[in-house]
Amino acid sequence: MSLLFTPLTLSSPRGGLTLPNRIIIAPMCQYSAVNGEATDWHLMHWGNLLNGGASLLTIEATAVVPEGRITPGCLGLWDDRTERALADTLARARKLAPHTAVSIQLAHAGRKASSALPWQGAQLLNAAQGGWETFAPSATPHLPQEAPPTALDTAGLARVRDAFVRAAQRADAMGIDAIEIHNAHGYLLHEFLSPLANQRTDAYGGSFENRIRFPLEVFAAVRQAFSGVLGLRISASDWVDGGWDGAQSAEFAKRLKALGADFIHVSSGGVSPLQKIPVGAGYQVPLARQVRQASGLTTMAVGLITDAHQAEAILQNGDADLIALARAFLYQPRWGWQAAAALGAEVAANPVYWRSLPREAAAVFGKAAVVGVR
């Protein structure tokens, strides 16, 4: 039996969440919310992916405060209104595939907030364009031509930390199975880690210990408030000389494990336009391996993993414990079915779809599905 289709239990203070396979759908921004509220697009999107054969679907970056949205179209979870919209939409989607667990990525975009939609240029929006004030560790813009963000003061740090806690409590109330804190891709918490973005001279800037202080404080606060499965997504390298790197990521992961992290999701990049990313198949896998070996945390590998045999090899080599895919599932929402057929395994799916499989792939849904395709 392939490792990709071997169950794995994510432990937490509340108890374990057992995943029937190692396939994770990574968070993907849809830029389709209205004032932070989930819409019918999300109902369609989630319902589709929940039937794709993965064991866990991660909801896109969900802002914990309005100013933490990347764009005006980003999802939010900061008040009763946004909670109701998300809870109702998710409940309807989950009725279509109750066999798939759901995680949510809680986020704050920091200095990369207030941006136009990607297909509208993704530039920083000014007030006349509907933009808003952005916040960061330091008053240093992401791009030289952009207006600088406002550096968070002590009260601002507390507001952000508490907003993550409240959003986690709201996610818990709606029955979400796991939470992933977004600490990657150049957004607020990653900005604190990286010396390229963090120019503070107080207890939250300068040394490695100071730069990791606020992300760890946020994680610890959420951990205290949420007893379910809790992890974090990290950019393990800035891909810029003098920036955040794999060695610092490995040490940071050790601190997270000591605070009760249940998993770590290893991505990279996003904090600097000077990044030089060696893009290629599985290019982030060595970073996942480095973090996993140093920390012992359950580790997700992600990034240009597109083939079932490639995913299987990553697990067999001990590079990661879980395989996360994003755009591959947008292009092929039944990727998990195809992986099961390729590796001789089974997945769960709504029986309405059982008849869709070619005869040679009928075993993907188990013996019960064979009847449905005759």
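Brief remarks follow.
- Flag for S103 being touching a strand residue (DSSP E or B) at 6+ places or on another chain (Cβ under 6 Å), touching a residue at least 40 places away in the same chain (Cβ under 8 Å) and surrounded by fewer than 21 Cβ atoms within 10 Å (Cβ to Cβ): no
- Scanning the stretch 100-144 for residues that are in contact with a His (Cβ under 6 Å, 6 or more places away or on another chain) and assigned to a helix (DSSP H, G or I) returns R111, K112.
- Test: residue in the stretch 278-294 that is aliphatic (A, V, I, L, M), within 16 Å of L56 (Cβ to Cβ), modelled with pLDDT of 95 or more and surrounded by fewer than 21 Cβ atoms within 10 Å (Cβ to Cβ): no
- Looking across the stretch 269-293, the residues that are touching an Asp or Glu at 6+ places or on another chain (Cβ under 8 Å), at negative phi and not in a helix (DSSP H, G or I) come down to V271, S272, Q275.
- Any hit, the stretch 275-287, residues being small (G, A, S), within 18 Å of the chain's Cα centre (by Cα) and closer than 15 Å to I234 by Cβ: no
- When we screen A155, A171, A93 for residues that are of a type in the set (G, A, S) and either touching a residue at least 60 places away in the same chain (Cβ under 8 Å) or not in a helix (DSSP H, G or I) (or both), the only hit is A171.
- Screening H185 against (1) assigned to a loop (DSSP other than H, G, I, E, B); (2) in contact with a Ser or Thr (Cβ under 8 Å, 6 or more places away or on another chain); (3) over 28 Å from S227 (Cβ atoms) leaves a single unmet condition, (3).
- Residues of the stretch 291-320 that are among the β-branched types (V, I, T), farther than 22 Å from L256 by Cβ and under 17 Å from the mean Cα position of the chain (by Cα): I305 alone.
- Of the residues V364, V352, the single one that is of a type in the set (V, I, T) and exposed (fewer than 15 other Cβ atoms within 10 Å of the Cβ) is V352.
- Selected residue [part of a helix (DSSP H, G or I) and surrounded by 15 or more Cβ atoms within 10 Å (Cβ to Cβ)] from L315, L297, L304: L315
- Residue-level analysis places E346 outside the set of residues that are modelled with pLDDT of 95 or more and surrounded by 14 or more Cβ atoms within 10 Å (Cβ to Cβ).
- In the set (1) over 23 Å from V352 (Cβ atoms); (2) assigned to a loop (DSSP other than H, G, I, E, B); (3) among the aliphatic types (A, V, I, L, M), A54 fails one condition alone, (1).
- Residue pairs whose Cβ atoms lie under 7 Å apart, separated by 6 or more positions or on different chains, with the first residue in the stretch 241-256 and free of Cβ contacts under 8 Å to residues at least 60 places away in the same chain and farther than 11 Å from L193 by Cβ and the second in a loop (DSSP other than H, G, I, E, B) and of a type in the set (S, T, N, Q), are G246/S237.
The values are calculated or read from the model by the stated rules, or taken from the named source; none is laboratory data. Owing to the predicted nature of the structure, the values given are computational and were not obtained by experimental measurement. Because the Cβ atoms are built from the backbone with ideal geometry, glycine has one as well, and the counts that use them run over all protein chains shown.
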